[in-house]
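Colleague: This is the structure I want to talk about, given as structure tokens.
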Amino acid sequence: MSGQVQALKAELIKNKYSTILWVTFIAFALAPIMGGIFMLIMRDPEALAKAGALHTKVQVMHIVADWNSYLGILTQAIGIGGVLVFGFVASWVFGREYSDGTAKDLLALPTSRANILNAKFIIYIIWCMGLALSNLLIGFFIGTILQLPSLTMSLVSTYLTTYFTTALMTIVIGTPIAFFAIWGKGYLAPLGFVSLTLVFAQIIAATGYGYYFPWSIPGLFSGAGGEYKAQLNGLSYSILVLTSIAGYIATVTFWKLADHSK
Amino acid sequence: MEIIKTHSLIKHFGNTTAIDDISIHVNPGEIYGFLGLNGAGKTTLIRVLLGMIKPDQGSVMLFGKQLSPRFKQWNDIGYLVETPYAYPNLSVVENLKVYYNLRQLNDPHVIDDIIEKLKLTNHKDKKAKVLSLGNQQRLGLAKALMHQPKLLILDEPINGLDPEGIVEVRELLKDLATQGSTIFLSSHILGEINKLAHRIGIIHQGKLIKELTTPELNKQLIKKIIVDTPDNKTALHYLTAHQYQAVLNHNHEIEILNDEALAHPENISTLLVEKNCPPKQVYLFTEDLEMYFLRTIRTK
């Protein structure tokens, strides 16, 4: 246990001054800001009429300028945008040791290799939960400034449950990214993997089989796929959890057993 | 008990044999220098010793214990493998704090002590990315030495250091060995190994081709007397007539290999003066480690 705490302390020192930490918060904050602009335009029929593509999307999605739509946008941003941003965080947390050249300094220490990886997973979870929470707070701030109507306790309660469940799903599906960072010894392989999962998540979800594809499931759960959410079942969640566990086991096993020649 | 003992280590990477049947031992308090060309297998062996690479065959014993995933004595070992990198956005102190935590140390003074010992005090709050190459090397050594290990495994420890830094690190390593630490180091600066090591191993194409102590090495280095006179052909005639094994080298100087000549070079001067062929210079030439090393790998 002491080794785990020490590994976590070391990981916190490493990330405390990392510029990328703030970059991810700023990048992810674009979602509630864009959602806020969305709401602002929709409250102005003249502006909405001029925004052709947006106008079409609004009609298709039945979006109105209220808390229900805004919280829905925030949740969908976690389910889809989260795959990208959380994937970026995982790529950085696990891949940086290779780009910094420090991976070799983590392999022959009294703190076990598994403790070091677990500390990284904990940092990844805290970081992503921080991003989710930060977006929610920014969202509430923007929604309050815009004086969006129809905010009720039951609405908030429902959306908070969906929001944080979506966030959790998006976080847990990030474990294979850690494996690709360690296997590929840097950022390139995990970022490539994130891009591929994002593309396939969209394509497979569009074909109607997203409920069997782990990286589509958070997006579908968030409501981004509309009625496809109803297709999610026990098997879908099992696939998501098993993929996450497999990613974790593969990462730790590879880090412990593979030859480290870089 | 040997601090390091390897038995018939073999490691292949695809079709390449990185290390081939390497058996070495390093005794307590010994400085063992490891020589080899780039790609000879030095770093692979160092990584095998640190458990970073698993050998295909053979075994490693550290402090008398088998190196395995259950090996626990990592705080008795300090290491520096290849270029010493650090977290670029962290200061020297913060970089050391990372390893202070990972090594689970309990005395915060060790950070200040090692910073002072490696003369990093003026740079301790600077980010690692702005450090000079020499100071990055010092930071790498600080990480390796912070916990006062019993065994140091160092890959090119003086790379990037200025002459003053080289002398400081050399003295530091000698002090550590005097205090009982065991040091295993590789370097391409062969003269440096000669100044530091008690024993030297030469690796070539993955094989350990020679292992010898520094006195043994000094015996094996070619020594000869070089003589230069205004008329070397005549001088050569006189010298061979007096049973000296003398030849003209490619610089048209006289080389003499006799033990007697090496022991009493003054007799050569006396002889040449008597023969009216006074020498302009007479000096003892000793083959350096670099030449010895190249001669050794070329004959294998």
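The values are calculated or read from the model by the stated rules, or taken from the named source; none is laboratory data. Bear in mind the structure is a predicted one, so any value in this text is a computation, not a measurement. Quick reminder, even Gly has a Cβ in these numbers, built from the backbone with ideal geometry, and neighbours come from all protein chains shown.
Colleague: Residues that are touching a strand residue (DSSP E or B) at 6+ places or on another chain (Cβ under 7 Å) and farther than 24 Å from B:Asn38 by Cβ: list the strands (runs of 3 or more DSSP E) wholly contained in the range B:169-253 that include at least 2 such residues.
Modeller: Because the criterion is at least 2 residues that are touching a strand residue (DSSP E or B) at 6+ places or on another chain (Cβ under 7 Å) and farther than 24 Å from B:Asn38 by Cβ, the strands (runs of 3 or more DSSP E) in the range B:169-253 that meet it are B:223-228, B:246-248.
Colleague: Select, from B:Leu9, B:Leu49, the only residue that is surrounded by 17 or more Cβ atoms within 10 Å (Cβ to Cβ) and in contact with a helix residue (DSSP H, G or I) (Cβ under 7 Å, 6 or more places away or on another chain).
Modeller: B:Leu9
Colleague: For the range A:161-262, which fully contained helices (runs of 4 or more DSSP H) count at least 3 residues that are modelled with pLDDT of 95 or more and either out of contact with any strand residue (DSSP E or B) (no Cβ under 9 Å at 6 or more places or on another chain) or farther than 30 Å from B:Arg70 by Cα (or both)?
Modeller: In the range A:161-262, A:175-184, A:188-207, A:234-257 are the helices (runs of 4 or more DSSP H) which contain 3 or more residues that are modelled with pLDDT of 95 or more and either out of contact with any strand residue (DSSP E or B) (no Cβ under 9 Å at 6 or more places or on another chain) or farther than 30 Å from B:Arg70 by Cα (or both).
Colleague: Please determine, by comparing only the residues of the range A:136-154 that are assigned to a helix (DSSP H, G or I) and among the polar types (S, T, N, Q), which one is surrounded by the fewest Cβ atoms within 10 Å (Cβ to Cβ).
Modeller: Here the answer is A:Ser154.
Colleague: In the range A:194-207, which residues are in contact (Cβ under 8 Å) with a residue 40 or more places away in the chain and within 21 Å of A:Ile245 (Cβ to Cβ)?
Modeller: A:Val194, A:Thr197, A:Ala201
Colleague: Let me ask another. If A:Pro110 satisfies every condition in (1) outside any loop (DSSP other than H, G, I, E, B); (2) within 14 Å of chain B (Cβ to nearest Cβ) but one, which is the exception?
Modeller: (1)
Colleague: Residues that are within 14 Å of chain A (Cβ to nearest Cβ) and more than 29 Å from B:Pro215 (Cβ to Cβ): find the strands (runs of 3 or more DSSP E) completely inside the range B:1-59 holding 2 or more of those.
Modeller: The qualifying strands (runs of 3 or more DSSP E) are B:4-13, B:16-22.
Colleague: Any idea which residue in the range B:60-74 is nearest to the other protein chains (Cβ to nearest Cβ), counting only those that are of a type outside the set (Phe, Trp, Tyr) and in contact (Cβ under 8 Å) with a residue 40 or more places away in the chain?
Modeller: Filtering the range B:60-74 down to residues of a type outside the set (Phe, Trp, Tyr) leaves B:60-62, B:64-70, B:72-73.
Cutting the leftovers down to in contact (Cβ under 8 Å) with a residue 40 or more places away in the chain gives us B:60-62, B:64.
Details: B:Val60: 12, B:Met61: 15, B:Leu62: 10, B:Gly64: 18 Å.
The selected residue is B:Leu62.
Colleague: Further question on the same structure: Collect the residues in the range A:60-117 that are within 22 Å of B:Leu105 (Cβ to Cβ), among the hydrophobic types (A, V, I, L, M, F, W, C) and free of Cβ contacts under 8 Å to residues at least 40 places away in the same chain, keeping them in residue-number order.
Modeller: A:Leu106, A:Ala108, A:Leu109
Colleague: Select, from B:Lys117, B:Lys150, the only residue that is more than 9 Å from chain A (Cβ to nearest Cβ) and more than 24 Å from B:Leu45 (Cα to Cα).
Modeller: Working: B:Lys150 fails: more than 24 Å from B:Leu45 (Cα to Cα).
Just a single option satisfies the conditions, and that option is B:Lys117.
Colleague: For the range A:151-194, what are the residues that are of a type in the set (Ser, Thr, Tyr) and in contact with a Ser or Thr (Cβ under 8 Å, 6 or more places away or on another chain)?
Modeller: Listed by number, the residues that qualify are A:Tyr159, A:Thr162, A:Tyr163, A:Thr166, A:Thr175, A:Tyr187.
Colleague: Against the definition (crowded, with 17+ Cβ neighbours inside 10 Å, over 24 Å from A:Lys229 (Cβ atoms) and at pLDDT 95 or above), how does A:Tyr124 come out, yes or no?
Modeller: Against the criterion (crowded, with 17+ Cβ neighbours inside 10 Å, over 24 Å from A:Lys229 (Cβ atoms) and at pLDDT 95 or above), A:Tyr124 qualifies.
Colleague: Another one. Quick one: B:Leu96 ticks every box in (1) facing chain A (nearest Cβ under 8 Å); (2) at pLDDT 95 or above bar one, so which box is it?
Modeller: (1)
Colleague: Could you list, in sequence order, the residues of the range B:75-85 that are over 14 Å from B:Ile3 (Cβ atoms), hydrophobic (A, V, I, L, M, F, W, C) and within 7 Å of chain A (Cβ to nearest Cβ)?
Modeller: Scanning the range B:75-85 gives a single hit, B:Val81.
Colleague: For A:Met39, all conditions in the list (1) at pLDDT below 90; (2) surrounded by fewer than 19 Cβ atoms within 10 Å (Cβ to Cβ); (3) in contact with a Leu (Cβ under 7 Å, 6 or more places away or on another chain) hold save one; what is the number of the exception?
Modeller: So the condition that A:Met39 fails would be (2).
Colleague: Specify which of the listed residues (B:Val93, B:Val81) is crowded, with 20+ Cβ neighbours inside 10 Å and either touching a residue at least 40 places away in the same chain (Cβ under 8 Å) or closer than 23 Å to A:Glu11 by Cβ (or both).
Modeller: The match here is B:Val81.
Colleague: Output the residue which, of all residues in the range A:1-22 that are of a type in the set (Val, Ile, Thr) and in contact with a helix residue (DSSP H, G or I) (Cβ under 9 Å, 6 or more places away or on another chain), is nearest to the other protein chains (Cβ to nearest Cβ).
Modeller: My answer is A:Ile13.
Residue by residue, here is whether (1) of a type in the set (Val, Ile, Thr); (2) within 30 Å of A:Lys120 (Cβ to Cβ); (3) buried (at least 23 other Cβ atoms within 10 Å of the Cβ) holds:
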position: B:Ile111; (1), (2), (3): yes, yes, no
position: B:Ile166; (1), (2), (3): yes, no, no
position: B:Ile183; (1), (2), (3): yes, no, yes
position: B:Ile200; (1), (2), (3): yes, no, yes
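Colleague: Output the qualifying pairs, or none if there are none: Cβ atoms under 9 angstrom, residues six or more apart or on different chains, first residue in the range A:246-262 and within 9 Å of chain B (Cβ to nearest Cβ) and free of Cβ contacts under 8 Å to residues at least 40 places away in the same chain, second residue part of a helix (DSSP H, G or I) and among the basic types (Lys, Arg).
Modeller: As it stands, the answer is A:Asp259/B:Arg47; A:Ser261/B:Arg47, since those pairs meet every condition given.
Colleague: Looking only at the range B:245-279, count every residue that is hydrophobic (A, V, I, L, M, F, W, C) and either at positive phi or surrounded by 16 or more Cβ atoms within 10 Å (Cβ to Cβ) (or both) and tell me the total.
Modeller: The number of residues fulfilling the criteria is 8.
Colleague: Also, I was wondering about something else. Please go through the range A:1-31 and pick out each residue that is assigned to a helix (DSSP H, G or I) and aromatic (Phe, Trp, Tyr).
Modeller: Matches in the range A:1-31: A:Trp22, A:Phe25, A:Phe28.
Colleague: Filter the range A:80-98 for residues that are within 14 Å of another protein chain (Cβ to nearest Cβ) and out of contact with any Lys or Arg (no Cβ under 9 Å at 6 or more places or on another chain) and give the result.
Modeller: If the condition is that a residue be within 14 Å of another protein chain (Cβ to nearest Cβ) and out of contact with any Lys or Arg (no Cβ under 9 Å at 6 or more places or on another chain), then A:Trp92 is the only one that fits.
Colleague: Can I ask one more? Could you please find all residues in the range A:1-16 being farther than 13 Å from A:Val93 by Cα and without any contact (Cβ under 8 Å) to a residue 12 or more places away in the chain?
Modeller: A:Met1, A:Ser2, A:Val5, A:Lys9, listed by residue number.
Colleague: Then there is this: Kindly provide the set of residues from the range A:94-116 that are β-branched (Val, Ile, Thr) and closer than 15 Å to B:Ala86 by Cβ, ordered by number.
Modeller: The answer is A:Thr102, and nothing else.
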